[in-house]
Amino acid sequence: MTQATVTLVDGMQFVVETGSGHSFTVDSVPEVGGHDTGPRPFELVAAGVAGCTAMDVISILRKMQQRVTGLKVHVNGEQAPEHPKKFVSIHVEYTIVGYNLSEDRVARAIELSETKYCPAMASLRPGAPITSSYTILEANEETMRK
């Protein structure tokens, strides 16, 4: 079971405590009573998608014995204009850096994450189509600095 508890601190600022024992602040902007001291709760939904699929993809690529040296996942979610302003579409961009990476294996790792393993995507997909794209970069001194 996944758990989280939020406790009001001040204004619109809350401390979130997760079932795994981690805590962080969520907040809103001053215009609505917040202090802007943490991410907005809905941003964490996008972050959850990015983190979930990133962990899947890196794990799968390592099992495929791909020499991955970097992975960046960017999630762009379009929200409905009216409340509850849920996601109406989500695009996930993967940037994978490594040595002699197989494009077929990268595509397969992403597909497995998106269709089989990532519970964040599976939870959102019924209400929001999810698309993705990827870029593979060969590892070298310049890509290692990014």
**Request:** Run CYS118 past the list (1) out of contact with any Asp or Glu (no Cβ under 7 Å at 6 or more places or on another chain); (2) within 10 Å of VAL57 (Cβ to Cβ) and report the number of the one that doesn't hold.
**Result:** (1)
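Being closer than 17 Å to THR131 by Cβ and either surrounded by 15 or more Cβ atoms within 10 Å (Cβ to Cβ) or touching a Gly at 6+ places or on another chain (Cβ under 9 Å) (or both) is the filter here, so list the residues in the range 62-78 that pass it.
Result: VAL73, VAL75, GLY77.
Do we have any residue at all in the range 40-51 that's among the β-branched types (Val, Ile, Thr), touching a residue at least 40 places away in the same chain (Cβ under 8 Å), under 22 Å from ARG125 (Cα atoms) and surrounded by 12 or more Cβ atoms within 10 Å (Cβ to Cβ)?
Taking the range 40-51 first, the residues among the β-branched types (Val, Ile, Thr) are 45, 49.
Right, trim to touching a residue at least 40 places away in the same chain (Cβ under 8 Å) and you get 45, 49.
Going one step further and asking which of them are under 22 Å from ARG125 (Cα atoms), we end up with 45, 49.
Those left that are additionally surrounded by 12 or more Cβ atoms within 10 Å (Cβ to Cβ): 45, 49.
Yes.
What tally of residues in the range 69-89 results from selecting those that are part of a strand (DSSP E or B), over 13 Å from PHE42 (Cα atoms) and not charged (D, E, K, R)?
Filtering the range 69-89 for residues part of a strand (DSSP E or B) gives 69-79, 87-89.
The next check asks that each one be over 13 Å from PHE42 (Cα atoms); those that pass are 69-74, 88-89.
Applying the additional criterion that residues be not charged (D, E, K, R) yields 69-71, 73-74, 88-89.
Within the range 69-89, residues that are part of a strand (DSSP E or B), over 13 Å from PHE42 (Cα atoms) and not charged (D, E, K, R) number 7.
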**Message:** Going by what's in this entry, would SER59 be described as loosely packed, with under 15 Cβ neighbours inside 10 Å and assigned to a helix (DSSP H, G or I)?
**Reply:** yes
**Message:** Among (1) at pLDDT 95 or above; (2) closer than 23 Å to LYS116 by Cα, there is one condition THR2 misses while meeting the rest; what is its number?
**Reply:** (1)
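In the list GLU111, GLU103, GLU43, GLU93, which residue meets the criterion of being within 15 Å of the chain's Cα centre (by Cα) and either more than 30 Å from MET12 (Cα to Cα) or modelled with pLDDT under 95 (or both)? Please lay out each step first, then the result.
Working: GLU111 fails: within 15 Å of the chain's Cα centre (by Cα); GLU103 fails: within 15 Å of the chain's Cα centre (by Cα); GLU43 fails: either more than 30 Å from MET12 (Cα to Cα) or modelled with pLDDT under 95 (or both).
Result of the check over GLU111, GLU103, GLU43, GLU93: GLU93.
Restrict the check to the range 71-86 and report whether at least one residue is farther than 26 Å from ASP27 by Cβ and out of contact with any Asp or Glu (no Cβ under 8 Å at 6 or more places or on another chain). Lay out the reasoning, then the answer.
As a first pass, look at the range 71-86 and keep what is farther than 26 Å from ASP27 by Cβ: 71.
From what's left, out of contact with any Asp or Glu (no Cβ under 8 Å at 6 or more places or on another chain): 71.
Yes, that holds for at least one residue.
The values are calculated or read from the model by the stated rules, or taken from the named source; none is laboratory data. Bear in mind the structure is a predicted one, so any value in this text is a computation, not a measurement. Ideal geometry is used to build each Cβ from the backbone, glycine not excepted, and the neighbour counts take in all protein chains shown.
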